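Following: one structure in structure tokens, then a few remarks.
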Amino acid sequence: MTELVSGSVGGTASLTAQQSTRLELLRPVMNDTAAAQAAIEFVGDDLLKLELFKDQYKLATTEREVVARTLKAIQDAKEALTLF
């Protein structure tokens, strides 16, 4: 995936779709690189997995620590994938 995503900063820079996906995963985990790495490994470049992860991360509020919350969200997203 090498297409560029619009929304440039300063008029010259653009993100690839892959960079945009990874940024979407890094932000909710509060820049915790271990949590982001786990999410990236799960999602890859799959937009369905990305959306399921984001939804499940919002719901995984019983976990207080970021990595634990991420792993819970991944597990729940895997379970939801069986519906597709």
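The values are calculated or read from the model by the stated rules, or taken from the named source; none is laboratory data. Please read all numbers here as calculations on a predicted model, not as lab measurements. Cβ coordinates were reconstructed from backbone atoms using ideal geometry, including for glycine residues, and neighbour counts include every protein chain displayed. With ligands, DNA and RNA removed, areas are computed over all heavy atoms of the protein, side chains included. Shrake-Rupley method; radii C 1.70, N 1.55, O 1.52, S 1.80 Å.
Residues of the range 49-78 that are within 13 Å of P28 (Cβ to Cβ), open to solvent by 80 Å² or more (accessible area, probe 1.4 Å), assigned to a helix (DSSP H, G or I) and not acidic (D, E): K58, L59. Residue by residue through the range 21-30, note down the ones that are part of a helix (DSSP H, G or I), of a type outside the set (A, V, I, L, M, F, W, C) and open to solvent by 30 Å² or more (accessible area, probe 1.4 Å). R22, E24 - these are the residues of the range 21-30 that are part of a helix (DSSP H, G or I), of a type outside the set (A, V, I, L, M, F, W, C) and open to solvent by 30 Å² or more (accessible area, probe 1.4 Å). When restricted to residues that are under 13 Å from E65 (Cα atoms) and among the charged types (D, E, K, R), the range 24-41 contains 1.
Applying the criterion of being open to solvent by less than 80 Å² (accessible area, probe 1.4 Å) and assigned to a loop (DSSP other than H, G, I, E, B) to the residues of the range 31-48, the residue that is farthest from Q19 (Cα to Cα) is D32.
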